[in-house]
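Worksheet: the structure to be examined is printed underneath.
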Amino acid sequence: MPEIRHSVCALDCPDCCSLLVTIENGHGTKLRGDPAHPVTRGFLCGKVAQYLEREYSPGRLLYPQRRIGAKGEGQFERISWDEALDTIAARLRTVAAEFGPEAILPYSYAGTMGLLNGAGMDRRFFHRLGASRLDRTICSSAGGAGLTEALGLRYGTEPEQFRHSKLILAWGANILGTNVHLWPFIMEARRNGAKLYTIDPRRNRTGAASDKHFFIHPGSDTALALALMHVIIAENLHDADYVARYTSGFDGLRERVREWTPQRAAELTGIAAEEIAGLAREYATTRPAAIRLNYGLQRSERGAMAVRTIALLPALVGSWKEVGGGCQLSTSQTFQLNRAGLERVDLQQQALGREARLVNMSQLGQALTTLQEPPVQAMVVYNSNPAAIAPN
């Protein structure tokens with residue numbers, strides 16, 4: 001008799017889909033979204049819809065293999081789990097004894113974002129071993145820093161609120177490609193008269209489906225945000241009461257944006273000055289308005305400042321007080337999690353009597369070739385592919 005089990009997607013996107021898995025004879029035979037979940041709403045993205053094919057793929061590695069040829073030849077032989085674990089443990093024990101445990105470097109990121117598999121038992125193991133810590137910066141650290149500087153925490157408008165918006169800015173966010181479960185809420189808003197505008201250097205699926213696409217030059221997002229604020233403040237379109245009650249630093253901001261005219265921003269962004277001014281007026285007077293940011297724009301020089309500046313816009317016009325207003329980059333602090341209890345950083349004290357050194361994953365090449373006292377002698381790679389994401 002088929003059995004339906006609940007599960008959850010552990011991949012890296014904002015939706016964290018609720019899954020229903022049909023099990024027959026111990027084997028998953030069907031995967032679908034949970035229609036009872038308020039965001040998944042019964043459908044899955046193209047990647048996860050094929051997840052059973054991946055799970056049962058004949059190309060999936062199921063057993064340990066040991067290289068028997070020269071590096072690069074691709075020659076491996078199957079070995080037992082006991083032999084694999086004993087070999088790894090012996091090697092790590094030898095490195096730790098000769099160079100110290102910090103000569104061991106874990107390297108992982110978001111292959112799975114399940115808390116036990118991706119950021120729980122591994123942390124406990126490496127902390128207890130006394131291995132070097134990895135600063136996991138390669139994706140979203142700049143954006144998270146910028147958002148926190150602006151708002152005080154990583155929080156944003158809930159997906160369900162977008163149905164109430166009257167103007168939605170997809171700023172560096174290809175929603176149809178990377179955040180598909182937000183799209184039904186946007187479509188509901190549009191049926192009720194909302195406009196959807198895209199701000200992105202290139203045409204993507206979301207831009208093609210938008211009411212208007214602003215083709216911004218890469219890396220000039222801060223200039224556009226400053227010019228929008230210039231117009232909003234100069235024309236007295238900001239919410240003075242909200243700003244006085246709930247923000248700090250307005251006088252400094254007013255002086256900062258005075259020089260950022262639409263004409264100056266047009267030279268940097270490639271967007272005409274009159275379009276910038278028109279967007280500023282429409283954003284400030286269409287209520288509620290929501291901004292959906294994504295992480296592409298923070299992957300450039302001064303990317304954190306770009307996120308920080310854009311995230312000030314909802315506070316300036318007071319849209320945080322409205323259902324369907326505000327902005328969304330991350331909602332990761334909506335639900336609190338006891339990370340200290342999960343990861344057990346305190347175990348380092350048992351191993352070293354102090355915190356282990358911190359190695360930035362974005363500087364892997366430098367760490368492998370220049371770190372001393374001790375040099376890196378063993379790297380344990382899991383949940384990531386440094387050959388692809390850190391090729392140099």
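Computed values, structure above
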quantity	calculated
Two-site FRET efficiency, SER248 against GLU77, from Cβ-Cβ distance with R₀ of 56 Å, rounded to 0.05	0.30
Förster-model FRET efficiency, 35 Å R0, ASP346 and VAL381, C-beta, rounded to 0.05	0.85
Segment 227-293 - percent relative contact order, Cα under 8 Å, separation 6 or more	45
Choice from VAL345, VAL380, VAL21 showing the highest fluctuation, given a GNM over the chain with Cα pairs closer than 10 Å	VAL380
Counted charge near ALA194, where neighbours are those whose Cβ lies closer than 14 Å (Asp, Glu -1; Lys, Arg +1)	+4
For segment 185-332, size of Cβ-based charge dipole, Lys and Arg +1, Asp and Glu -1, in debye	440
Mean projection area, nm², convex hull over Cα of segment 207-309	7.0
Signed unit charges on C-beta, dipole axis of segment 306-392, positive-most listed residue LEU342, ASN385, SER332	SER332
Only Lys, Arg (+1) and Asp, Glu (-1) charged, at Cβ; the chain dipole about Cα centre in debye	340
Accessible solvent surface per residue of the chain, calculated while the other protein chains remain in place, 1.4 angstrom probe, Å²	53
Cross-link reach list, lysines versus LYS166, counting only Cα pairs under 30 Å and skipping chain neighbours closer than eight places	LYS195, LYS212, LYS321
Where trypsin sites (Lys or Arg not before Pro) fall in DSSP loop in segment 306-392, at most 11 other Cβ within 10 Å	ARG354
Per-selection Kirkwood Rh - segment 1-114 (Cα, Å, 1 d.p.)	17.8
Net +/- balance of residues flanking ILE233 in space, Cβ distance below 14 Å, scoring K and R +1, D and E -1	-1
Spread of Cα-to-Cα distances over 20 Å intervals beginning at zero, given as percent, for the chain	23, 48, 27, 3
Sum of -39500 (n - 2.57) over DSSP H runs of 4+, divided by residues of the chain (222 nm, nearest 500)	-10500 deg cm²/dmol
Alpha carbon centroid spacing (whole Å) that separates segment 140-204 from segment 315-341	12
Residue with peak Gaussian network fluctuation, the chain [Cα springs, cutoff 10 Å], from GLU98, GLU267, GLU77	GLU77
Candidates SER18, SER80, SER108: whichever shows maximal mean-square fluctuation once the chain is modelled as a Gaussian network with Cα springs under 10 Å	SER80
Net charge over other residues, Cβ less than 13 angstrom from the Cβ of GLU149 (K, R count +1; D, E count -1)	+3
Cross-link reach list, lysines versus LYS30, counting only Cα pairs under 23 Å and skipping chain neighbours closer than eight places	LYS47
Farthest positive-ward along segment 120-160 dipole, Cα basis, beta-carbon charges - from GLY144, PRO159, PHE125	PHE125
Sparse-neighbour loop sites [GluC sites (Glu not before Pro); segment 306-392; at most 14 other C-beta within 10 Å; DSSP]	GLU355
Accessible carbon and sulfur surface of the chain relative to its total accessible area, %, 1.4 Å	51
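The values are calculated or read from the model by the stated rules, or taken from the named source; none is laboratory data. All figures in this text were calculated on a predicted structure; none of them were measured in a lab. Cβ sites come from the backbone with ideal geometry, for glycine too, and all protein chains shown count toward neighbours. Heads up: the accessible areas ignore ligands, DNA and RNA and are worked out on the full protein's heavy atoms, side chains in. Shrake-Rupley method; radii C 1.70, N 1.55, O 1.52, S 1.80 Å.
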